[in-house]
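Comments concern the structure below.
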Amino acid sequence: MREITLPISDETVRSLGVGEAVALSGVMITGRDAVHKWIVETFIKKTRPPQGDDLEVYEAIKPLLNGGVIYHCGPVVAGLDTGEYRFVAAGPTTSIREEPYQADVMRHFNAKGVIGKGGMGAKTLQGCQEVPFVYFHAIGGAASLIAQSVRRVVAVHKLEFGVPEAIWVIEVERFPVVVTMDAHGNSLHEKVEETSKANLEALLAA
Amino acid sequence: MNDLTEAILELIRRTSTDLPEDVEARLRAALEQEEEGSAARGALETILKNVELARENSTPICQDTGTPLFYVRYPEGMSTRALRRQIIAAVQEATRRTYLRPNAVDAITGRNSGDNTGDEHYPTIHFEEVDADQPLVIELMLKGGGCENVGAQYKLPDSRLGAGRDLEGVRKVALDAVYKAQGKGCAPGVLGIAIGGDRGSSYLASKEALLRRLDDPNPNPDLDALEKRLTEEANQLGIGPMGFGGKTTVLGTKVKGLHRLPASYFVSVSYMCWAYRRRRMTVRGDEVLYE
Ligand code: SF4
């Protein structure tokens with residue numbers, strides 16, 4: 001398994017190909033529906049003026065995302081009453097919901113990787129080539145193992161979005177993923193979909 | 001009747017953190033089938049490591065602890081209202097102890113109740129009365145959202161798939177459902193299939209089918225043959241664990257036949273992810289047994 005430490009360079013991004021297993025280490029942030037929507041509306045399309053601590057949070061995540069990774073995850077977190085947060089379960093959530101936003105968010109921050117599950121669509125694959133970045137597929141449901149690779153919760157922002165939707169800044173060690181969309185226009189999801197379609201047709205004709 | 005809240009809490013803990021051995025055995029067998037160094041094998045290795053860790057640390061196998069589905073067979077004379085109250089109290093406590101993630105969102109307001117309670121269907125509790133001398137049996141299944149989203153219901157005949165109103169037609173639509181799901185239901189999955197019923201009872205029965213053990217053969221020889229064939233053919237699709245490609249797409253298939261109206265022929269496919277969390281407790285007097 002190839003070891004990669006964050007931040008990731010463009011050169012490393014371009015050297016990754018679909019099907020490759022990677023262990024990621026470093027500081028990354030979680031973000032799902034509420035976070036992507038908030039970023040796009042407030043800072044990219046600017047259809048909504050920044051409110052409350054929006055600008056502060058933006059400044060805090062900007063350096064982390066430059067060369068960094070955003071993880072589609074809604075964790076189970078212990079220590080909510082004491083503030084001594086600990087990830088109990090932290091598997092990936094379905095990524096396709098962020099399809100309208102993802103490429104724009106990655107471009108805006110110069111981010112190099114998305115972690116999620118299920119893969120993403122054409123707009124994101126296009127973005128992978130242009131920005132460039134890659135899509136890392138985590139193992140859906142492997143929550144305990146991934147939680148164990150989360151060494152430390154560094155900070156949390158936007159807790160008002162709810163625990164699963166907040167921005168958790170986490171330090172991970174050897175987080176296991178597989179590249180399923182690379183910066184050269186390849187998508188393992190497209191490939192598997194095509195071969196399984198041909199196999200289905202053969203089985204239906206039998 | 002004793003207060004069973006603590007015992008039900010233990011049932012929830014076991015269900016969320018300890019994968020049943022029949023499921024784990026299938027996952028181990030599947031691992032051996034996949035090529036050394038492939039993404040598919042890597043995925044299964046990670047899954048199995050995760051299963052062990054969850055068991056050791058008593059943490060949820062998957063962070064989506066799903067919809068809690070309770071199936072209760074209670075002896076005549078026992079109060080279902082009292083049982084419901086105890087189940088709900090146990091669910092709330094399990095949420096506080098992070099065996100369950102707060103998962104119940106009001107569909108109208110978008111508000112999460114925070115403790116996995118909601119309305120009369122959340123958590124879902126099915127009651128069935130049995131004879132007074134029978135033990136109380138509570139089965140719990142945790143059904144995740146990702147795999148629930150790829151479930152499908154077909155109405156036969158289906159001309160697009162060339163599926164008629166017979167087991168051959170059922171086979172075709174079931175394979176189509178697996179193809180459409182790709183890796184999105186956290187493959188390798190288990191198929192719960194109901195044939196017949198109305199739309200509601202059909203989906204209900206497709207979940208009940210999933211309460212059977214993976215190694216338990218179907219008493220109906222035709223359905224047993226269909227189960228084996230579907231598992232084998234689904235694995236020929238090449239979708240593989242997580243949709244990475246590979247030989248393991250489905251770990252097993254469970255089929256249940258129902259009565260139907262002459263006018264309707266529904267086939268409902270419930271897809272259960274590899275995190276196939278189901279456990280049973282049997283209560284006889286003061287004795288509680290977990291399986
Ligand atoms: S489909 Fe199952 S394994 Fe996958 S995230 Fe949902 S509950 Fe977990």
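The values are calculated or read from the model by the stated rules, or taken from the named source; none is laboratory data. Model, not experiment: these values are computed from the prediction. FYI the Cβ positions are ideal-geometry reconstructions off the backbone, even for glycines, and counts take in every protein chain you see. Protein only, heavy atoms only, side chains kept; ligands, DNA and RNA dropped before computing areas. Shrake-Rupley method; radii C 1.70, N 1.55, O 1.52, S 1.80 Å.
Laid out as a table, the results:
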quantity: Solvent-free Debye scattering, log10 I(q)/I(0), computed from the Cα coordinates of the stretch B:117-271 at q = 0.09, 0.10, 0.15 Å⁻¹; calculated: -0.30, -0.37, -0.81
quantity: Solvent-free Debye scattering, log10 I(q)/I(0), computed from the Cα coordinates of the protein assembly as shown at q = 0.08, 0.09, 0.10, 0.12 Å⁻¹; calculated: -0.50, -0.63, -0.78, -1.10
quantity: Estimated FRET transfer efficiency (B:GLN134, A:GLU41; beta-carbon r; R0 45 Å; 0.05); calculated: 0.20
quantity: Distance (nanometres) between label positions extended 7 Å along Cα→Cβ at A:GLU3 and B:ARG28; calculated: 3.1 nm
quantity: Expected-Rg normalisation [2.2 N^0.38 Å, Cα atoms] applied to chain B; calculated: 1.01
quantity: Length-normalised contact order of chain A in % [C-alpha pairs under 8 Å, at least 6 apart]; calculated: 28 percent
quantity: Chain A: angle of helix A:54-65 to the longest principal axis, Cα-based, in degrees nearest 10; calculated: 50 degrees
quantity: Principal-axis tilt of helix B:5-17 within chain B, Cα atoms, nearest 10 degrees; calculated: 30 degrees
quantity: Spin-label proximity, A:LYS191 to the stretch A:5-19 - amide N less than 18 Å from point 7 Å beyond Cα toward beta carbon; calculated: A:13-19
quantity: Solvent-accessible heavy-atom area per residue, rounded to whole Å², over the stretch B:166-284 at 1.4 Å; calculated: 33 Å²
quantity: Gap separating the Cα centres of the stretch B:115-189 and the stretch A:6-25, nearest whole Å; calculated: 38 Å
quantity: Accessible-area composition of the stretch B:246-291, carbon plus sulfur, in percent [1.4 Å probe]; calculated: 54 percent
quantity: Gain in span if fully extended, B:ASP286 to B:GLU45, counting 0.36 nm per residue against the direct Cα distance; calculated: 82.7 nm
quantity: Cβ-Cβ FRET estimate between B:LEU161 and B:ARG260, R0 fixed at 22 Å, reported to 0.05; calculated: 0.70
quantity: Accessible area buried, both sides summed, chains A and B with 1.4 Å probe, Å²; calculated: 3000 Å²
quantity: In order through the stretch B:136-150: 3J(HN,Hα) via Karplus (6.51 cos²θ - 1.76 cosθ + 1.60), integer Hz, x for Gly, Pro; calculated: 7, 10, 10, 10, 10, 10, 9, 10, x, x, x, 7, 4, 5, 9
quantity: The stretch A:100-171 and the stretch B:6-83: distance between their alpha carbon centers, rounded to Å; calculated: 26 Å
quantity: Nearest-0.05 FRET efficiency for B:ARG55 and A:ARG48, computed from C-beta distance (R0 56 Å); calculated: 0.80
quantity: Mean accessible surface per residue for the stretch A:2-205, computed with a 1.4 Å probe while every protein chain stays in place, in Å²; calculated: 38 Å²
quantity: Geometric extent, Cα atoms of chain A - Rg, Dmax (angstrom); calculated: 17.2, 62
quantity: For chain A, built as a Gaussian network whose Cα springs stay under 10 Å, the top-fluctuating residue of A:THR124, A:THR42, A:THR180; calculated: A:THR42
